[in-house]
Amino acid sequence: MNASIHPPVMSQRKTLLGISIVIAAALATAYWPVRHNAFVNFDDESYITENQHVLHGLRARSIQWAFTSSHAANWHPLTWLSHMLDCEVFGLDSSGHHLSSVVIHIVNSIILLLVLFRLTGSVWASALTAAMFALHPLRVESVAWAAERKDVLSGFFGIVTIGAYIGYIQQPTRARYGVILLAFLLGLMSKPMLVTLPFILILLDYWPIGRLKGVRHRQRTAIWRGMSSQTPARIAIEKLPLLILAAMSAAVTYIVQQKAGAVAKIASLPLDERLRNAVVSYVRYVKKIFWPTDLAVLYPIDTHTLSSAAAPAAAILLIAISLLTFKMRDRFPYLIVGWLWFLGSLIPVIGLVQVGAQAMADRYTYLPCIGILMALSWGLADLSARWPTSRKFIASAGVVAVVIMTLLTRNQVPYWKNTQTLFSHTLEVTENNFVAHDILGISLFRDGRLGEALHQHQKALEINPNHAQAHSNIGNVYSERGDYDKAIEHYLQALQIDPNFSEANHNLGLTCLKTERIESAIHCFTAVLQQHPDHLEAHLNLGYAFRKSGRYADALEHFNRAIELNPDSAIGHTQAGNTLAAYGEIEAAVKSYERAIALAPDAPEPPNAIAWIRATHPDKNHRDGAAAVAFAKRANDLSDVQNPAILDTLAAAYAETGQFNLAVSTVISAISQARYHLPEETVNEIRGRLDLYKQGKVYRDNTGFPQLKDPAQ
C-alpha cells in the first residue's frame, strides 16, 4: 500500500514561501561581502585561475577533459563543468564565481526545507533545521571558497536525491527510481563524498517514513501512517543500484587520489594515529556545530593531542552518545537517525584513508551536519509539544540561535577576502600550522615581500623540518634575490625529502636555465614530464632549454606539444616561431608570431620578432622595411619601459628603410639602456650596429630572432 501524502494546504504553502524568502534574504545579507573576495592561493589556482581547460569555458575539448581528467586528485566532471560555465559567463571576475556558489547554497537551503517538510509534515522543525543549515558559520568554507564549488553542487544533488526518493516511495515506478539514480550519479560526479547517501536513505526508511518491518507505527510521522512495511532485505535490494554506483565512485576516487599521491601512506601516518584522529575529529565537529568559534581553512594534525588521553575520552563520549540514542530509539527515533546520519556521512573524510595534511575540515560538514540539526530541531519540537507553556521560550531561543549564526557567518566571510587575510586568521586560531605558514609565505612572495615570505617559510620548517614544499619555496625566494646557489641548495633538499616532488624539480630547472646550466635544466624538466606528461610550463621550458643547446627539432617538438595542450598559448606560438626562425623556416616562424599577436595583442615579443626578421634577414624575399618599422613601433609602444632589445630592433628597421639618422639616435638609446639590462657581449653587438648605421649601412642577421628576454622563463 502506498502512502497517501496530501499536498500542503494553502496556509502551509504561504508559510513555507515566507520562510523560504526569509532564509534567502538572511543568506544574501550574511554572504553579501563575498562579492569583494578574491580568489585564494589554495586550490583556486588548480581549479580555476591557472587551469587552462577551465579558463577556456565550455568548449568541446574542455568538456572532454572534464570527463577524462583526474586533475586535482579527483574525478568530478560536473564540478569542472560548473567552473567552466562560470568562466564562460564571468571570466576571472571572482565576484561572479563566489556569487554563483551563494546562489546554489540558497537553493539548497530552500530545497532542504521543502524536502524535510515532505518527509515529516512539520513546518517549523523543518524550518529551523533548514535555517541552521543555511546560516551556520561552518558553511562559509564551502560557500566562500571558489574551489569548493563541489560542496554546494554535490549538496544540491544529494538533497534532490532525497526528494526524488520521497516521490518514489509515494509512487514506486521505474521512471521515478531512474530520477533517483540520475540525481545520485550527478552528485557523485560533483563530489564523491556523497557515497554514503544510500545509507542515509535507509535511515529515513526507519524514521520518519517507518518502512522497516518491526518499526512501531508511533515512530512514523502522521503523513506516513499508511505506508506498508518492507523487510530489511527488501530495503537493501532496493538500494543495491545506488550502492553499486557508490562503490564504483569510491573505487575510482581511491585510485585517482592514490595515483596523484594525495593518499598518505601508512608509514607517514600509522593506522592507530588515524583512528585516534578520527574519534577526536568527530567530537571536534560536534563541538563546532554547537560552538562555532576559531574556524580555520586548515586544521593541522596534532600528534601531541593524539598521544594524550583525548582520543580515548573522545571514543568513550562517542560510544556513550551512540548507546544513548539507541536506547531512546523507540521514543525519540530522530535522535539515532540524526546521530547516525552525522557519523555515517563523515566516514569518507574522517581520515581513515588520509587525504591531505588536515585533521578535519569545516567543508566536510556540509551535508553531515543536517543529521545533528534534525535531531536538535525535532527534539525541540517534541519538547514544545510535551510542555506547551515552553513553546514561546523554545521558539525565541531558536530565532536567537539563527540570528547569532547569521552574525557569525557574516563575520567569517571577510576572512576569505584574500590569501593573506585567510591564512593570517588561520594562524591566529591554530597552532603549529606549518602548511598555513607556507601558503602565507607564497602569497607574500607574489606581492614582492621577500623578507616576510622567507620568514613564513622558515617558520614552516621550524615546525616540520621535512616539509619539502617549504624548502622549494625558500629556493624560490633566494632565486628571486639572485642567490642561485642557495636556491639550488634548497631545491635539492626538497628533492632529497621527496624525490618525486615535481614542483621542486621544475623550479630547479628554471634556476639552472638562469645560470646557463642547460643540461641540468633539461634533466629537471624531463623528470617533471615523466611524472606529468601534460605539464604545460615544463614543455615550454624544456623546449627553450633544447633551443638554447641548439637541438631545434627537440625544442619544436615540445613547443608544439605545449600548443596542443593549450592552443591559445601565445607564449607557445612565440617560442615555436623563435625555433622555426632559428631552424630557417622563416615564413612559418612569421605565421607563428602572427598567431601569437592574435592571441596576445598586448605582448611586445611577437611583433618585435617579426620586425627583426623583416629588417635584418639576409634573404631579401623575407625583408620588408616598412612592415619592420610598423611592427617595431608597435612592440615599442607595448613595452612598459624603454626595452633595449626592442629599440635595437626599431633601429635596424629604420636602417632598412634608409632612415639612418633615426637608426643612430634609436640605437644610442638602446645602448644606454642595455648597459643596465643586457650582458656586455650583447651590448658590444649593439655598438657594432651603431658603427654600421653611422656608415649608412644596414645590418643582416642569420639567427632569425631577436635577443629578447625569453617569456618561458
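Taking N as the residue count of segment 439-578, its C-alpha radius of gyration divided by 2.2 N^0.38 Å amounts to 1.09. Per-residue ellipticity at 222 nm from helix content only, as computed over the chain with -39500 (n - 2.57) for each DSSP H run of at least four residues, stands at -22000 deg cm²/dmol.
Computed 3J(HN,Hα) for segment 298-305, one whole-Hz value per residue from the Karplus formula 6.51 cos²θ - 1.76 cosθ + 1.60 where θ = phi - 60°, is 8, 9, x, 6, 9, 5, 5, 5, glycine and proline marked x.
Compute the FRET efficiency between ASN466 and ALA247 as 1/(1 + (r/R0)^6), taking r as their Cβ-Cβ distance and R0 = 35 Å, and round to the nearest 0.05.
Values: r = 36 Å, r/R0 = 1.02.
Plugging the Cβ-Cβ distance into 1/(1 + (r/R0)^6) gives 0.45.
Most tightly packed first, judged by the mean number of other beta-carbon atoms within 10 Å of their residues, the peptides 635-643, 543-551, 674-682 read 543-551, 635-643, 674-682.
Go through 480-486, 624-630 and give me the packing order, highest mean Cβ count within 10 Å leading.
Values: 480-486: 12.6, 624-630: 18.6.
Listed from highest to lowest mean packing, they are 624-630, 480-486.
Remark: segment 428-497 is approximated by an ellipsoid whose semi-axes, taken from the C-alpha gyration tensor as √(5λ), come to 19, 15, 7 Å, largest first. In segment 397-515, the convex hull through the Cα atoms has an average projected area of 8.8 nm², a quarter of its surface area.
Relative to the dominant Cα principal axis of the chain, helix 536-548 is inclined by about 20°.
Recomputing Cα Rg over 2.2 N^0.38 Å from the coordinates shown identifies the correct label among (i) 1.17; (ii) 1.42; (iii) 1.91 as (i). Residue-wise HN-Hα couplings along segment 628-634, as the Karplus relation 6.51 cos²θ - 1.76 cosθ + 1.60 with θ = phi - 60° gives them from phi, are 4, 4, 4, 5, 5, 5, 4 Hz; Gly and Pro carry x.
Highest first, please rank the peptides 229-240, 605-616, 190-201 by the mean number of other Cβ atoms sitting within 10 Å of their residues.
Values: 229-240: 14.2, 605-616: 27.7, 190-201: 24.3.
Averaged packing, sorted descending, gives the order 605-616, 190-201, 229-240.
For the chain, a simple Cβ point-charge model (Lys and Arg +1, Asp and Glu -1, everything else neutral) yields a dipole of about 3860 debye relative to the Cα centre. Report the local net charge at LEU454: Lys and Arg +1, Asp and Glu -1, summed over other residues whose C-beta lies under 12 Å from its C-beta. Its environment carries a net charge of 0.
Taking a Cβ cut-off of under 11 Å around ARG689, the surrounding Lys, Arg, Asp and Glu residues balance to a net charge of 0, with basic ones at +1 and acidic ones at -1. Shown is the FRET efficiency for LEU17 and THR68, computed with R0 = 30 Å from the Cβ-Cβ distance and rounded to the nearest 0.05: 0.10. ARG59: net charge of surrounding residues, Cβ under 15 Å, Lys/Arg +1, Asp/Glu -1, itself excluded? Neighbour charge sum, excluding ARG59 itself: -3.
Coupling constants for segment 34-43 follow from the phi torsions by the Karplus curve (6.51 cos²θ - 1.76 cosθ + 1.60, θ = phi - 60°), and in residue order they are 5, 5, 8, 7, 8, 5, 10, 7, 8, 6 Hz; glycine and proline get x. In this rough spin-label picture, where each label sits 7 Å from Cα along the Cβ direction, the GLN695-LEU317 distance is 8.8 nm. Working from Cα positions, state the angle (0 to 90°, nearest 10) between the long axis of helix 660-677 and the longest principal axis of the chain. Relative to the chain, helix 660-677 is tipped by roughly 50 degrees. Scanning residues 5 or more positions from GLN230 or on other chains, those with amide H under 5 Å from its amide H are LEU212, LYS213, with H placed 1.01 Å from N in the peptide plane.
Distances between placed amide hydrogens fall under 5 Å for MET360 paired with TYR299, all partners being 5 or more residues away or on another chain.
Values quoted throughout were computed directly from the atomic coordinates according to the rules given, and no laboratory measurement underlies them. This one's a predicted model, so the numbers in the text were calculated from it and none came from an experiment. Backbone-built Cβ (ideal geometry, glycine too); neighbour counts: all protein chains shown.
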